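Peer 1: I am attaching a structure below and will ask some questions about it afterwards.
The values are calculated or read from the model by the stated rules, or taken from the named source; none is laboratory data. Here the structure is a predicted model, which is why all the values come from computation and not from measurement. As a convention, Cβ positions derive from the backbone with ideal geometry for all residues, glycine included, and neighbour counts pool all protein chains shown. Just so you know, the surface numbers come from the protein's heavy atoms only, side chains and all, with ligands and any DNA or RNA stripped out. Shrake-Rupley method; radii C 1.70, N 1.55, O 1.52, S 1.80 Å.
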Amino acid sequence: MARISEGAGIDDLAGAQRSLAGTEEYWRRWSGRCTYRGPYREAVLRSALCLKLLTYSPSGGIVAAATAGLPEAVPGNRNFDYRFTWMRDAAFTVTAFVMLGYVREASEFLRFLRERDDTFGRETKLMYGVCDDIPPEEALTHLAGWNGVGPVLVGNAAEGQDQHDIYGELIRALCVFLEAVDYDPPEKVNDRLPRVLENLTARAIRHRHDADHGIWELRTGPRQQVHTKAMIWVALTDAARIARRIDGVPGDTIAEWERIAAEVRAEYLDKGWSEERGAFTGAYGSHHLDAAVLRVALFGAIDPSDPRLRATLAAIEQELGAGDLIYRYRMEDGFEGDEGAFTACAFWRVGCLALDGRTGEAKATFERLLARGNDVGLLAEEIDPVTGEQRGNTPQGFSHMALINAALRLDGAIARFGLVEDGGATVQARAAE
């Protein structure tokens, strides 16, 4: 019996070693598919691996983070559940995957979206569970939370909010994806694309004047968010660009999208600007700065040559900056406690520095930000500027998407996708093979 047990142990060990070898080989092959070969390849690949591991393979859903209940403020009540698929985050992930050569992974999310939304964009939600519905937000009062910082929440009440920027996020992701697959209906992408475009743009147009909770999911009520308005412009301009390459969308419809896009752009450039602050603010009539405006610039929704953008960057650096880090805003948002600096915002600043021609400063800042990752290069949602401690749920997909985008921008690789900010350009040319 002893010999049998010993033999079984050897067999188990051999099987485990084979499994480990097979796993290692899989990830080496997967990593080898990354088309980015620039100076930041190690950090970019680590981020790509993170995004891959945040993807639920059976459904293709991409979660915002792997955890729930890790606090953004200590003390405070900013403890949320991020184990769901946000359209904004997932669409940004699709773009990152495509730019790194991972078209299959991008396709898997689009499959997830088709299966979860059979309305073809007419009723697309802002977030989904990876395989089931999202449960109501609930505090697990029997759990103390990280270092006793509760409450630990499961579910997410943001599910019921209005966030109208998602139309731009989705259409931009489609724009990048279709360029990568050399759109040629119906072989490569099904012929429902015109219907999807018309549904998403109809929603963008219908809500163009509406207040919403925006990218930060504020629980103090909806506002006329500059970021949202700019993403509606992205939705309409990118939809028009796609429609001009395919059949099925009438020319007068495309012209109408472009006409309304111009109106939306003129409005947010006017009403989003504050003479008092000398900067674009987060919402119409507000005096509060918002780092999401930096992201708007990276989408080409504000011309990088506009002197008001440089003034806004300077104002955000002064008021929201903490060294290389950036707080997303400084205002009442309905929660308790002082949160950390938002990791993605720091990478958006890097992109804006590059847009402003401050490439050396941008690269130095980027490299210092990379050093803030943990021992395996992963980043949480936020960072405490005083202690350097990572805060919030981790690893956070949004942080790693922003890292990838900044790296490609600094290396010039993003230009190969036509994502060169000229006040309106998006995808124009396929990446070099």
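Peer 1: Quick one: Gly334 ticks every box in (1) closer than 22 Å to Ala65 by Cα; (2) touching a Ser or Thr at 6+ places or on another chain (Cβ under 6 Å); (3) modelled with pLDDT under 95 bar one, so which box is it?
Peer 2: The number of the failed condition is (1).
Peer 1: Out of (1) open to solvent by 60 Å² or more (accessible area, probe 1.4 Å); (2) in a helix (DSSP H, G or I); (3) touching a residue at least 12 places away in the same chain (Cβ under 8 Å), the odd one out for Leu51 is which?
Peer 2: (1)
Peer 1: Kindly indicate which of Arg111, Arg192 is under 30 Å from Gly32 (Cα atoms), touching a residue at least 24 places away in the same chain (Cβ under 8 Å) and charged (D, E, K, R). Talk me through it step by step, then tell me what you get.
Peer 2: On the way: Arg192 fails: under 30 Å from Gly32 (Cα atoms).
Only one candidate passes the filter, namely Arg111.
Peer 1: For the stretch 97-133, how many residues are at positive phi and open to solvent by 10 Å² or more (accessible area, probe 1.4 Å)?
Peer 2: So in the stretch 97-133, the residues at positive phi come out as 101, 120-121.
So of that shortlist, the ones also open to solvent by 10 Å² or more (accessible area, probe 1.4 Å) come out as 101, 120.
Count: 2.
Peer 1: Can you confirm whether the stretch 36-48 contains a residue that is part of a loop (DSSP other than H, G, I, E, B), free of Cβ contacts under 8 Å to residues at least 40 places away in the same chain and over 20 Å from Gly373 (Cα atoms)? Show your work before the answer.
Peer 2: Within the stretch 36-48, the subset part of a loop (DSSP other than H, G, I, E, B) is 36-40.
Next, from what is left, pick out any that are free of Cβ contacts under 8 Å to residues at least 40 places away in the same chain: 37.
Then drop every residue that is not over 20 Å from Gly373 (Cα atoms), which leaves 37.
Yes, some residue in the stretch 36-48 is part of a loop (DSSP other than H, G, I, E, B), free of Cβ contacts under 8 Å to residues at least 40 places away in the same chain and over 20 Å from Gly373 (Cα atoms).
Peer 1: Could I ask something else about it? Find the residue count for the stretch 197-241, including only residues that are open to solvent by 10 Å² or more (accessible area, probe 1.4 Å), of a type in the set (Ser, Thr, Tyr) and touching a helix residue (DSSP H, G or I) at 6+ places or on another chain (Cβ under 9 Å).
Peer 2: Of the residues in that region, 1 qualify.
Peer 1: Follow-up question, since we're still on this one. Would a scan of the stretch 353-363 turn up a residue that is in a helix (DSSP H, G or I), over 19 Å from Leu309 (Cβ atoms) and over 23 Å from the mean Cα position of the chain (by Cα)?
Peer 2: Kept after step one, since they are in a helix (DSSP H, G or I), are these residues of the stretch 353-363: 353-355, 359-363.
Then keep just the ones that are over 19 Å from Leu309 (Cβ atoms); that gives 360, 363.
Of the ones still in play, those that are also over 23 Å from the mean Cα position of the chain (by Cα) are 360.
Yes - at least one qualifying residue is present in the stretch 353-363.
Peer 1: Let me ask you something else. Taking the conditions exactly as written (in contact with a Phe, Trp or Tyr (Cβ under 9 Å, 6 or more places away or on another chain), surrounded by 10 or more Cβ atoms within 10 Å (Cβ to Cβ) and modelled with pLDDT under 95), does Gly7 satisfy them or not?
Peer 2: For Gly7, the condition - in contact with a Phe, Trp or Tyr (Cβ under 9 Å, 6 or more places away or on another chain), surrounded by 10 or more Cβ atoms within 10 Å (Cβ to Cβ) and modelled with pLDDT under 95 - is not met.
Peer 1: Specify which of the listed residues (Gly351, Gly300, Gly334, Gly340) is of a type outside the set (Phe, Trp, Tyr) and surrounded by fewer than 20 Cβ atoms within 10 Å (Cβ to Cβ).
Peer 2: Working: Gly351 fails: surrounded by fewer than 20 Cβ atoms within 10 Å (Cβ to Cβ); Gly300 fails: surrounded by fewer than 20 Cβ atoms within 10 Å (Cβ to Cβ); Gly340 fails: surrounded by fewer than 20 Cβ atoms within 10 Å (Cβ to Cβ).
Being of a type outside the set (Phe, Trp, Tyr) and surrounded by fewer than 20 Cβ atoms within 10 Å (Cβ to Cβ) holds for just one of Gly351, Gly300, Gly334, Gly340, which is Gly334.
Peer 1: Could you please find all residues in the stretch 302-335 being closer than 22 Å to Ile232 by Cβ, under 24 Å from the mean Cα position of the chain (by Cα) and among the charged types (D, E, K, R)?
Peer 2: Asp303, Arg328, listed by residue number.
Peer 1: Of (1) under 21 Å from the mean Cα position of the chain (by Cα); (2) more than 29 Å from Ala158 (Cα to Cα); (3) charged (D, E, K, R); (4) open to solvent by 30 Å² or more (accessible area, probe 1.4 Å), Glu179 satisfies all except one. Which?
Peer 2: (4)
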